[in-house]
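All remarks here apply to the structure that follows.
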Amino acid sequence: MNIRELYGKVQERHTNSTLGRGVTEYALEMLDSVISGDYDGISGDSDCTELNVGHLLNHVDGNSIKVDDVWDGETASKVRSLCDSASYGGNFLIYNDDIVERLCPPSTRKRSYNKAMDLQGRALLIAVKYIRGVVRSQCRY
């Protein structure tokens, strides 16, 4: 499966929650940057097993972590930290209003406003894990 096909699989994901829809949007944004050619050596036509966390988060510290590899506790912790770093580093949405609108139902937006960057970091982690799950289930030979 190539990355364009992976994008299609992620696009098919259905969820009823605001958080779930937001996670899907982040996952699609991550894959879209790869498909659009933002990275040397990888494109939408590349095999999905070539993806690494650095591609997904636009964070060089993730370049050594392949999405389809087995992750031990230390690697999983590093990915969590990279997601937080990408959130606070401005790699994704940067305004609290935009973040809470994407991730929170209207009834919780006001109280979530001051935690927006943390919420985004968690959503990025869920998106990376979702992409990883699809890759591991679909791209293993």
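By the beta-carbon count within 10 Å of each Cβ, the least crowded to most crowded order of Cys48, Cys83, fewest first, is Cys48, Cys83. Dipole check for the chain: with +1 at the C-beta of Lys and Arg, -1 at the C-beta of Asp and Glu, and the Cα centre as origin, the magnitude is about 720 Debye.
Dividing the summed -39500 (n - 2.57) terms of all DSSP H runs of n ≥ 4 by the residue count of the chain sets its mean residue ellipticity at 222 nm at -18000 deg cm²/dmol. Could you pull out the chymotrypsin sites (Phe, Trp or Tyr not before Pro) across region 47-103 that fall in loop regions by DSSP (anything but H, G, I, E, B) with no more than 15 other Cβ atoms inside 10 Å? Those that pass, being in a loop and sparsely packed, are Tyr95. The string of couplings for region 98-104 from the Karplus curve (6.51, -1.76, 1.60, θ = phi - 60°) is 5, 5, 5, 5, 6, 9, 10 Hz, one whole number per residue in order, with x for Gly and Pro. Extension gain, Ser43 to Trp71: 0.36 nm times the residue separation minus the Cα-Cα distance gives 7.7 nm.
Would you please classify the overall shape of region 1-40 from the alpha carbon gyration tensor, given that a ≥ b ≥ c denote the square roots of the eigenvalues, rounded means a/c under 1.5, and beyond that prolate means a/b larger than b/c while oblate covers the rest?
Details: a/c = 4.69, a/b = 1.79, b/c = 2.61.
It is oblate, given that a/c is not under 1.5 and a/b is not larger than b/c.
Is the C-alpha gyration tensor of region 47-88 telling us rounded, prolate or oblate? Criteria: a/c under 1.5 is rounded; beyond that, a/b larger than b/c is prolate, otherwise oblate. Intermediate values should be presented prior to the final figure.
Numbers: a/c = 2.49, a/b = 1.21, b/c = 2.07.
Verdict is oblate for region 47-88.
Remark: relative contact order (the chain) = 29 percent; criterion is Cα-Cα distance under 8 angstrom and separation of 6 or more residues. Between Asn2 and Asp118, the distance separating the two model label sites (each 7 Å from Cα on the Cα→Cβ line) works out to 4.3 nm. Taking other Cβ atoms within 10 Å as a rough exposure proxy, Leu19, Leu56, Leu93 sort from fewest to most as Leu19, Leu93, Leu56. Sorting Leu82, Leu125 from the fewest to the most surrounding beta carbons within 10 angstrom yields Leu125, Leu82. When the trypsin sites (Lys or Arg not before Pro) in region 89-141 are filtered for DSSP coil states and for at most 16 other beta-carbon atoms within 10 Å of their beta-carbon, the remaining sites are Arg140.
Values quoted throughout were computed directly from the atomic coordinates according to the rules given, and no laboratory measurement underlies them. Fair warning: this is a prediction, and the values are worked out from it, not measured in the lab. Cβ sites come from the backbone with ideal geometry, for glycine too, and all protein chains shown count toward neighbours.
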